[in-house]
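The values are calculated or read from the model by the stated rules, or taken from the named source; none is laboratory data. Predicted model only: the values in this text are computed from it and were never measured. We place every Cβ from the backbone using ideal geometry, glycine too, and count neighbours over all the protein chains shown. Just so you know, the surface numbers come from the protein's heavy atoms only, side chains and all, with ligands and any DNA or RNA stripped out. Shrake-Rupley method; radii C 1.70, N 1.55, O 1.52, S 1.80 Å.
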Amino acid sequence: MTETKIKQILVAFDGSEQSKDAFQEAVRIAKFEKASLTFLTVITEIMPNDDELYLQLDVRPEIDDIYRALAEKRLETITADLDKTIPYKNEAVHGDAKRSIVEYAKENGSDLIVIGATGRGALERRLIGSTTAYVVNHAPCNVMVVK
């Protein structure tokens, strides 16, 4: 049996406690495997009735700027104390979280996705783990779910 080398780890990060735990686990794996990390935040606007409205750059650029700035600040805060020997990058994309995570992993050759069991969105609170379940079932690579 051949062992697969993990070179690129994708970490789904939404600022929730479980995504912070996923962050810590991904850092531990990256140190062990000498892998690089990508911290991905998906920007989704939640409407008052819990329907998701996906931001479109050409329609609402001012809201995009606000959400992108918040996502970047969240990622900067979490990576501030990261061991500088671990290569990493922060990414923020728009859309449906579950589909965006899977698509990003496919397009960027991720070897492992690390994700929290639940997130911070209103829909995730109502449908516990729906994003995580989708990612586990549709990812092009292994997925580690962190509780």
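Quick rundown of the values:
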{"quantity": "In region 93-117, the residues that are surrounded by 19 or more Cβ atoms within 10 Å (Cβ to Cβ) and either more than 16 Å from Ala26 (Cα to Cα) or among the aliphatic types (A, V, I, L, M) (or both)", "calculated": "Ala97, Lys98, Ser100, Ile101, Val102, Tyr104, Ala105, Leu112, Ile113, Val114, Ile115"}
{"quantity": "Residues satisfying the stated conditions in region 68-89, i.e. surrounded by fewer than 14 Cβ atoms within 10 Å (Cβ to Cβ) and under 20 Å from Asn108 (Cα atoms)", "calculated": "Pro87, Lys89"}
{"quantity": "In region 119-138, the residues that are in a helix (DSSP H, G or I), at pLDDT below 80 and in contact with a strand residue (DSSP E or B) (Cβ under 9 Å, 6 or more places away or on another chain)", "calculated": "Ala122, Leu123"}
{"quantity": "Members of region 83-121 that are free of Cβ contacts under 8 Å to residues at least 60 places away in the same chain and acidic (Asp, Glu)", "calculated": "Asp83, Glu91, Asp96, Glu103, Glu107"}
{"quantity": "Tabulated pairs, region 5-19, first acidic (Asp, Glu), second open to solvent by 10 Å² or more (accessible area, probe 1.4 Å), C-beta under 7 angstrom, 6+ apart or interchain", "calculated": "Asp14/Gly119; Asp14/Arg120"}
{"quantity": "Qualifying position, being at pLDDT 85 or above and at positive phi, among Gly109, Gly116", "calculated": "Gly109"}
